[in-house]
Amino acid sequence: MRVHHVLTKLQSLPSLHPLMVFDRYIKPISPNSRKVRFGLPLAYASLGSFMAALTTLFAKTLVNLLSASLFDHDNQFTNFLSWAILLITAFTAASQVYWINQGLLRYDALLQVPVFYVVWTVFDIIGGGIYFNEFRMFTTIKYVLFVLGVCVIFSGVGLLANRLKHS
């Protein structure tokens, strides 16, 4: 009975967090507001795609480690960092599936899947381009054509999603 009393007291305390001094300046968001109606579906798809992009990035790194270990006979799994990459890859893979499924449970698949795909692709392009220095040999014309190609793909995804929504 005493534990229940303590828990009830703890639940009645205001939430404690580092930015709580700003709480009095921030108005609560209504569940029916535009921010919630449009922001949450995009947030689920974007969070899933961010995890997917991290999975891609870490999986590519993991494949490089495995290739060096298996084919070059240079065991890369003798230090903590290699094992951390393996664990992060597994965690982000599970997280991407979790977040996209949460979005699909709550919102229309015709919104979730295209947003997931487009945001994932953008994150993959930026992440891979920076981390693996994939843009180092690009000329101006290659950048222009690359951006044009990405825009064509995203336009196609948008048209398909819009077409499916109206059928």
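The values are calculated or read from the model by the stated rules, or taken from the named source; none is laboratory data. Computed from a prediction, not measured in an experiment: that's the story for all the values here. All Cβ positions, even for glycine, are placed from backbone atoms using ideal geometry, and neighbour counts span all protein chains on display. Ligands, DNA and RNA are stripped out before the accessible areas are found, and what is left, the full protein with its side chains, is counted by its heavy atoms. Shrake-Rupley method; radii C 1.70, N 1.55, O 1.52, S 1.80 Å.
Only residues that are more than 30 Å from residue 107 (Cβ to Cβ) and either touching a residue at least 60 places away in the same chain (Cβ under 8 Å) or part of a helix (DSSP H, G or I) (or both) were counted in the range 61-89, giving 18.
For the structure I just gave you, tell me whether residue 91 is touching a helix residue (DSSP H, G or I) at 6+ places or on another chain (Cβ under 9 Å), over 29 Å from residue 158 (Cβ atoms) and open to solvent by 80 Å² or more (accessible area, probe 1.4 Å). Yes. Considering 96, 102, 76, the condition of being farther than 30 Å from residue 151 by Cα, open to solvent by less than 70 Å² (accessible area, probe 1.4 Å), at pLDDT 90 or above and of a type in the set (S, T, N, Q) is satisfied by 76 alone. Would you confirm, using the coordinates I've provided, whether residue 130 is open to solvent by 60 Å² or more (accessible area, probe 1.4 Å), in a helix (DSSP H, G or I), hydrophobic (A, V, I, L, M, F, W, C) and out of contact with any Ser or Thr (no Cβ under 6 Å at 6 or more places or on another chain)? So residue 130 fits the description; yes.
Annotation: residue 120 fulfils all but one of (1) closer than 15 Å to residue 45 by Cα; (2) of a type in the set (Phe, Trp, Tyr); (3) in a loop (DSSP other than H, G, I, E, B); the unmet one is (3).
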